[in-house]
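Everything below concerns the one structure shown next.
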Amino acid sequence: MRIDEILNRGDEPVFSFEFFPPKTPEGEKNLYRALTELKPLEPAYVSVTYGAGGSTRDKTVEVTKWIKQGLGIEAMAHLSCVGEPVERLREILDEVGAAGIENVLALRGDPPRGETEWTPHPEGLGSSPELIELIAGEYDFCVGGACFPEVHPEAPDLETDLAFTKKKVDAGARFLITQLFFDNDMYFDFVREARAAGIDVPIIPGIIPVTNYAQIKRFTEMCGASIPDDLERELAAREQYPDAVKDLGVAHATAQCFDLLARGAPGIHFYTLNRSPATRAILAALRASHPWDRALETV
């Protein structure tokens, strides 16, 4: 089923999980375990990332097909421009479509590991709007895009970033998923500015439960997200106690999701890191309390 159709149903918020393709046999076991444990939660869809520089590109298609065909869960494949000529992008899209997958998240992608600047393939595409335009113009996929509540690291300001995001929607993106964030006001401020800029598609908040302090510090430094001072202080105080970090991370993410849904967010996209316990606990708490019943409107 297409994600834009799922978003339009309106029976409950759209909950989705994001995974990355494993690189080792142990990673494959972790992924299988997480997916089988999360399946009973009936996610609306599951997405699979695309490695920088195509490092896991074949695995992306393989895992996405397994989720769709083997597990019977709606799936979305990520696709980026990194290191790919246009003809190879079309080959991947043909393979994804042949597997019965109807959804693609179109991204520019990050530079390959060890490189600091993004360089397009000589026979490839130079931006995510170009990729979205290619997919929407030649295929019948539902195409999604990314957005950044704290402004993309390469954008000089919010106005410029919103103008670029608008290009994604104009090119054919039917929904947007945000980069991770920890301050909900940043999300709602961004949505308000996006609506004023003419961006009218659903904007789904992307949430990551903190389970490792050093890891989340690396992630936020890489993507330009920030950790609120109070939260970072409490995480740092527990750094030597992994279970305490996880407990705090789950508690904060649960409160964050509760507030987002009570204020009208259309759903939650969980960055799972191929683990299930934190996401299972958060989603179970949300479905037990139904915070979306308090929302006056969807943002």
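Quick notes
- Anchor Lys29: aspartates and glutamates whose Cα lies under 20 Å away (excluding residues fewer than 8 positions away in-chain): Glu18, Glu37, Asp58, Glu62
- Counting Lys and Arg as +1 and Asp and Glu as -1 over every other residue whose Cβ lies under 15 Å from the Cβ of Pro25, the net charge comes to +1.
- Per-residue ³J(HN,Hα) for the stretch 163-175, Karplus 6.51 cos²θ - 1.76 cosθ + 1.60, θ = phi - 60°, Hz, x for Gly and Pro: 4, 5, 4, 4, 4, 5, 5, 4, 6, x, 5, 9, 7
- 16 Å Cα-Cα reach of Lys217 towards lysines, excluding residues that sit fewer than 8 places from it in its own chain: Lys246
- Listed residues Ser47, Ser289 arranged by accessible area, highest first, probe 1.4 Å: Ser289, Ser47
- Dipole moment magnitude, nearest 20 debye, the chain about Cα centre, only Lys, Arg, Asp, Glu C-beta charged: 840 debye
- Rounded to the nearest 10 Å², the accessible area of Arg218 at probe 1.4 Å: 130 Å²
- Charge tally in the Cβ shell below 15 Å around Ala146, where Lys, Arg are +1 and Asp, Glu are -1, Ala146 excluded: -1
- With all protein chains in place and a 1.4 Å probe, the accessible surface of the chain carries 48 percent carbon and sulfur.
- Sequence-distant residues sharing a close amide H with Phe182 (under 5 Å, placed H): Ser226
- Cα centroid separation - the stretch 160-188 against the stretch 73-104, whole Å: 21 Å
- Note that the chain presents 46 Å² accessible area per residue, ligands and nucleic acids not counted, probe 1.4 Å.
- Interchain or long-range residues, amide H under 5 Å from Phe175's placed H: Gly145
- Scoring 233-239, 168-174 by mean Cβ neighbours within 10 Å over their residues and listing the highest first yields 168-174, 233-239.
- Dividing the helix sum by the residues of the chain, where each DSSP H run of 4 or more adds -39500 (n - 2.57), gives a mean residue ellipticity at 222 nm of -14000 deg cm²/dmol.
- Remark: C-alpha extents of the chain on the principal axes read 49, 47, 42 Å, sorted largest to smallest.
The values are calculated or read from the model by the stated rules, or taken from the named source; none is laboratory data. Quick caveat: nothing in here was measured; it's all calculated off a predicted structure. Cβ sites come from the backbone with ideal geometry, for glycine too, and all protein chains shown count toward neighbours. Each accessible area value is taken on the protein alone, full model and side chains, heavy atoms only, with ligands, DNA and RNA left out. Shrake-Rupley method; radii C 1.70, N 1.55, O 1.52, S 1.80 Å.
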